[in-house]
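The values are calculated or read from the model by the stated rules, or taken from the named source; none is laboratory data. A quick note: this is a predicted structure, and the numbers were derived from the prediction, not measured. FYI the Cβ positions are ideal-geometry reconstructions off the backbone, even for glycines, and counts take in every protein chain you see.
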Amino acid sequence: MTSKTIGYVTSISGDSLNASLAPNIDLPAIGEMIRIESDTAVAFGLISEMEIPNPSMPPSPEDIKVMSIDLLGEKLLVPGKGELPGFQRGVSRFPVLGSLVEPVQTEELAEIYARPDKPCFVVGALSQEQKLPAYIMTDALLGKHFAILGTTGSGKSCSLTVILKSILDSHPCGHIILIDPHNEYSAAFKHRAECLSPESLRLPYWLLNFEETVEIYCSQEPAARNVEANILKDAILTAKLAWGGGADADATTLTVDTPLPYKISDMLHRIDQMMGQLGKPEQLAPFQRLKNRIENLRNDRRYAFMFGNVALRDNMSYILSQLMRIPNDGKPISIFDLSGVPSEVVDVMVSLLCRTIFDLAVWGHRHDPIPILVVCEEAHRYVPYDKNSGFAPTRKALEQIAKEGRKYGVSLGLITQRPSELSETILSQCNTMFSLRMSNERDQMFVQRTLPQSSSSLLKSLPSLRNQEAIVVGEGVNFPTRIRFHELSADELPESNTASFATNWAEDRFDVNHINYSLKRWRTQTRES
């Protein structure tokens, strides 16, 4: 036994093994990395469990202690020549029974977690060795999507801020769209972001595709919806042709989904024409329902971002340039503030944003795409686990990005506090996971189902993680890693701090002016500057 030995391999099964602990040693910790050297390789693993199989009563220091180890990777050895450079995932040459189990030294950790030879950025440090930086590989993270998961208060907003700031520090000419339902991030990014809202970024109704248009205009009852959808399709096509079709389309190429302007008045005129061709009054009902719904939406202030423009013009190029920061003019991130917007309006806007970005990428230069990162806060609102919940076009748009986005340069980042309420189909497409503290057992089990078995030892520590600490698993890192994110300065923090009950309830300092202030903003639907 060497002075560093902490145990001996006693059983091997698949990608894990058991080892008995050596007597009279300082016990290692759960999650600690170990090394096991053989004649042909050095295997590395993480301690996942420790137990005394047959404890005496009461337990004695002499009791045999056993630890379970999940194998992560290896470094190959050439007899007579020593170690080959580079670590690799997976184990091809397993340790033999009786092999010595030793702790990994700082120098070896530094070699394992060294800066990759690919573009990367630093988000913090290794939890087990704070002197060693934690690197994330840029293309692997963004090219194959990522998710940040964690319970409320675990530091998701700060973690996302650190990740995006680190990406932009290393790659300042990025193009990021952040859907922000609570107006948290404008304070964090300040001059580096273009802050948009339904008032500042008009998204005209004619940008909607037919599925989205049917969703907001037509009845929910299937039979009535089918009839109204057929009427609507004819009316939209007629209105688009009446506008002129634009320079890029004509009657032979125009479809109901072609993103070209048309007048609502032309669409309503066509519906009136079709009504005039009917012989029976009872046939008018679907036409009248459709007209009433269109008129109601035009007059609904909540939808002013779609119907508020008086002049009809083809400004789609300007809208997309502003949204996608092309050129970025020193502001590589668009923060779309949806705070205070009703949920049904949020659904329409998120669907329109995500689907438009994906469509633009699909029809763009296939061999010279514009890489775009779309980040969805509160992702479980838009793509819930239950397919019958939420806005169907939003789910479809995000599923398209998740499944096909990397082919066209569109990356997806999902942030949620309830992973078990998120679509498993979409979450499984995220190849890098940042898992922060999670106390809900259902959420823990859901995350474990979507991650590789080799990560199980780290994931068992999810309930005990500290704030700003995460388990990172997937393509963005060489090995599953427990990291601690960089601390943000006070002026870099997102506005997501919980109100202090202790401070605010210490004295009776609120008066009716607080109520009046809230009422005025509520009634006028004005935002706080």
>> If Leu241 meets every condition in (1) of a type in the set (A, V, I, L, M, F, W, C); (2) surrounded by fewer than 20 Cβ atoms within 10 Å (Cβ to Cβ); (3) not in a helix (DSSP H, G or I) apart from one, which number is that one?
In response: (3)
> Does region 181-189 include one or more residues that are buried (at least 19 other Cβ atoms within 10 Å of the Cβ), of a type in the set (A, V, I, L, M, F, W, C) and at pLDDT 90 or above?
Replying inline: yes
>> Looking at region 121-138, can you tell me whether even one residue there is small (Gly, Ala, Ser), surrounded by 22 or more Cβ atoms within 10 Å (Cβ to Cβ), in the same structural domain as Asp337 (by TED's automatic domain parsing) and more than 16 Å from the chain's Cα centre (by Cα)?
In response: no
>> Just to verify a result, which residue in region 487-511, among those that are surrounded by fewer than 19 Cβ atoms within 10 Å (Cβ to Cβ), under 22 Å from the mean Cα position of the chain (by Cα) and at pLDDT 80 or above, is nearest to Gly90 (Cα to Cα)?
In response: Glu487
> From the list Leu323, Leu297, which one is within 19 Å of the chain's Cα centre (by Cα), surrounded by 15 or more Cβ atoms within 10 Å (Cβ to Cβ), part of a helix (DSSP H, G or I) and at negative phi?
Replying inline: Leu323
> Are any residues in region 147-178 in contact with a helix residue (DSSP H, G or I) (Cβ under 6 Å, 6 or more places away or on another chain) and not aliphatic (A, V, I, L, M), and if so, which ones?
Replying inline: Gly150, Thr161, Gly174, His175
> Does Pro133 satisfy the condition of being touching a strand residue (DSSP E or B) at 6+ places or on another chain (Cβ under 6 Å) and touching a residue at least 24 places away in the same chain (Cβ under 8 Å)?
Replying inline: no
>> Which of the numbered conditions does Glu378 fail, given that it passes all the others? Conditions: (1) on the phi > 0 side of the Ramachandran plot; (2) buried (at least 23 other Cβ atoms within 10 Å of the Cβ).
In response: (2)
>> Residues to consider are Ala147, Ala187, Ala224; find the one that is over 22 Å from Asn299 (Cα atoms) and in contact with a Gly (Cβ under 8 Å, 6 or more places away or on another chain).
In response: Ala147
> Of everything in region 44-70 that's modelled with pLDDT under 85 and under 27 Å from Ser464 (Cα atoms), which residue is surrounded by the most Cβ atoms within 10 Å (Cβ to Cβ)?
Replying inline: Ser48
>> One residue is enough: does region 79-91 have a residue meeting the conditions at pLDDT 85 or above, in contact with a helix residue (DSSP H, G or I) (Cβ under 6 Å, 6 or more places away or on another chain) and either within 24 Å of Ala470 (Cα to Cα) or of a type in the set (Val, Ile, Thr) (or both)?
In response: no
>> So, Val472, is that one β-branched (Val, Ile, Thr), in a loop (DSSP other than H, G, I, E, B) and either out of contact with any Pro (no Cβ under 6 Å at 6 or more places or on another chain) or not assigned by TED's automatic domain parsing to the domain that holds Ser186 (or both) or not?
In response: no
> Which of (1) at pLDDT 85 or above; (2) surrounded by 11 or more Cβ atoms within 10 Å (Cβ to Cβ); (3) within 35 Å of the chain's Cα centre (by Cα) does Arg270 not meet, given it meets every other one?
Replying inline: (3)
>> For region 25-43, which positions are more than 22 Å from Ala470 (Cβ to Cβ), assigned to a loop (DSSP other than H, G, I, E, B) and among the small types (Gly, Ala, Ser)?
In response: Ser38
> Any idea which of (1) within 26 Å of Leu465 (Cβ to Cβ); (2) out of contact with any His (no Cβ under 6 Å at 6 or more places or on another chain); (3) crowded, with 20+ Cβ neighbours inside 10 Å is the one Arg418 doesn't satisfy?
Replying inline: (2)
> Would you pick out the residues in region 300-316 that are more than 18 Å from Lys240 (Cβ to Cβ) and not in a loop (DSSP other than H, G, I, E, B)?
Replying inline: Arg301, Arg302, Tyr303, Ala304, Phe305
>> Tell me the residue from Glu344, Glu377 that is assigned by TED's automatic domain parsing to the domain that holds Glu399, more than 15 Å from Gly174 (Cα to Cα) and within 18 Å of the chain's Cα centre (by Cα), please.
In response: Glu377
> Among the listed residues Ser389, Ser339, Ser411, Ser334, which satisfies the condition of being touching a residue at least 60 places away in the same chain (Cβ under 8 Å), surrounded by fewer than 17 Cβ atoms within 10 Å (Cβ to Cβ) and outside any helix (DSSP H, G or I)?
Replying inline: Ser339
